[in-house]
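Enquirer: Structure provided below as structure tokens; questions to follow.
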Amino acid sequence: MTLDALIAGVGAWFAAALPDHGIYALMAFAFIAGLARGFSGFGAALIFIPLGGAIVGPKLISPILLVIDGIATLGMIPPAWRGANRSEVFVMAAGAALGVPAGTAMLALLDPILLRWSITIIAICLLALLVSGWRYHGEASAPLTSGVGLIAGLFSGAAQLGGPPVVAYWLGGKSDFTRVRANVVLYFSISSVFSAISYYFGGLFVPAVFALTVVILPSYVVGLYGGSKLFGLAEERTFRIACYVLIAAAAIIGMPLLDGVLR
């Protein structure tokens, strides 16, 4: 095969795999989601899933975020492995091993409109949890930790929305912020493997996922980098409030009722 033929073949594959609308909007949403995660450590899924799901549907947008976030955050895993409480992370991951496949089944089988409404409601509820400032301050135990992993895994499998329960649980414990952050990063690296396996067997890794990943990934990476740099220029409280506003707007605009806004 000649180089010209190879290029033509790749171009044809991209043309067939990419959706016929909304690509630039998805790139913009990915940048905003990356920016939110870069400067606050959370919020990417709560922003990207409702908005992106309104354009290409939840069954496509969830695996896209899984792939781009997994690639973009690979460099965070080695330091997290060194700094995390690995035994506690593995206990939570054991719960996620059960929750992720169940959530994936919901993503694969539920009606897309029903799933999008569910994602919107879950996003708003998780936002309320984050805004409330509630943290779990009781004693950690293996059953409770694995139970949190089960719930987070269910949310992750269905819509990559497993972050807030995990963060709320670990921030209320006795570990310092550095240990908590390492725990969260390591947990989600393991949870993402479960999600990737479940999505594969659920038939969710269609060609459009990888075509859109190539297009969207640079915007997400730039957002991550920019957000991490901006974090040192303002108070954390200011950034968190901005994240909350973005997440709320994403949840509202991503409602099926308002599809005309994004199409």
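Enquirer: Go through (1) at pLDDT 90 or above; (2) acidic (D, E); (3) out of contact with any helix residue (DSSP H, G or I) (no Cβ under 7 Å at 6 or more places or on another chain) one by one and return the number of the condition E88 breaks.
Expert: Checking E88 against (1) at pLDDT 90 or above; (2) acidic (D, E); (3) out of contact with any helix residue (DSSP H, G or I) (no Cβ under 7 Å at 6 or more places or on another chain), the one that fails is (3).
Enquirer: For the range 58-133, list the helices (runs of 4 or more DSSP H) that sit wholly inside it and hold at least 2 residues that are over 19 Å from W170 (Cα atoms); which are they? Working first, answer last.
Expert: Numbers: elements: 58-72, 77-83, 86-109, 112-132.
Filter on the range 58-133 gives 58-72, 86-109, 112-132.
Enquirer: Let me ask you something else. Can you tell me which residues in the range 32-66 are more than 9 Å from the chain's Cα centre (by Cα) and hydroxyl-bearing (S, T, Y)?
Expert: S40
Enquirer: Across the range 134-168, which residue is surrounded by the fewest Cβ atoms within 10 Å (Cβ to Cβ) among those that are modelled with pLDDT under 80 and in a helix (DSSP H, G or I)?
Expert: A168
Enquirer: While we're on this one: Output the residues belonging to the range 127-156 that are of a type in the set (G, A, S), within 19 Å of I47 (Cβ to Cβ) and in contact (Cβ under 8 Å) with a residue 12 or more places away in the chain.
Expert: A152, S156
Enquirer: Starting from the range 191-209, keep only residues that are farther than 25 Å from S146 by Cβ, then list their pairs with residues that are hydroxyl-bearing (S, T, Y) and buried (at least 21 other Cβ atoms within 10 Å of the Cβ) whose Cβ atoms are within a distance under 8 Å, requiring at least 6 positions of separation or different chains.
Expert: Sorted first by the residue in the range 191-209, then by its partner, the pairs are L204/S62; L204/T104; F205/Y199.
Enquirer: Take L35 and tell me if it is over 16 Å from S192 (Cα atoms), of a type outside the set (S, T, Y), open to solvent by less than 30 Å² (accessible area, probe 1.4 Å) and in a helix (DSSP H, G or I).
Expert: No: the conditions fail for L35.
The values are calculated or read from the model by the stated rules, or taken from the named source; none is laboratory data. From a predicted model like this one, the values you see are computed outputs, not experimental measurements. FYI the Cβ positions are ideal-geometry reconstructions off the backbone, even for glycines, and counts take in every protein chain you see. The protein model used for the area step is the full one, side chains on, heavy atoms only, and it has no ligands, DNA or RNA in it. Shrake-Rupley method; radii C 1.70, N 1.55, O 1.52, S 1.80 Å.
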